[in-house]
Structure formats: C-alpha cells, structure tokens
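Worksheet for the structure shown next.
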C-alpha cells in the first residue's frame, strides 16, 4: 500500500474578482494493487475507486470526489443515510461551497 496525495484545484466563479482565485485542496489517499488493478482510496470519506493504472485510479477517485460533492452538497441531511451523510460532511469540510471549475493534479 502506498500513501499518495491528490491535489484538486478549484477555480472559483466570482464576478467581483475576474482573476478567479484558485482554491487548492490536498487530499491524502492510499493506493494499492490488488487482483490486477489499482485501487485508490480516500479513507476519511470511505471512498474507493479502481483503475487499470495507478494514474487512472487516482484520476477516477478525484472525479468521483468532485461529482459526489456536487451531487450531495445541497441534499438535506435528513434525506441521506449514514454513509452518505458522513461523506457529505467530509467533502464539505474540504470544499467551500462556491461553484467553480475543477482541475486535477496528481502529486506525491
């Protein structure tokens, strides 16, 4: 098992600041090779994704984290089960809630 870090850069849509500042989020993840594929995990949020290569697994994990955040951020807590509520709380703790465009970077 290998410790890695992914960096998600988020360009914030702010009409008052045309330079669009970038929010940078670093997430510690684990990557392991199992049964012929790489599995990237974000243990804090109980999220794991596999890919044919380490880079693909990290990319898929990043995409899933962003998509999950966008999907559940506005759902009322009482409409979520315990696992999804936990994921929402963790993801909101990493994002600021502003709409923006995302960029992916892998760093180690």
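Each reported figure results from applying straightforward, stated rules to the coordinates on display, with no laboratory input. Not measured: the values here are computed from a predicted model. As a convention, Cβ positions derive from the backbone with ideal geometry for all residues, glycine included, and neighbour counts pool all protein chains shown.
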Cα-projected label distance for residue 25 with residue 37, points at 7 Å along beta-carbon direction, nm = 2.4 nm
Which peptide among 40-51, 69-80 comes first, and what is the full order, when sorted by highest mean count of other Cβ atoms within 10 Å?
-> 40-51, 69-80
Would you calculate the separation in nanometres between label points at residue 48 and residue 78, each defined as 7 Å from the Cα along the Cα-to-beta-carbon direction?
-> 3.4 nm
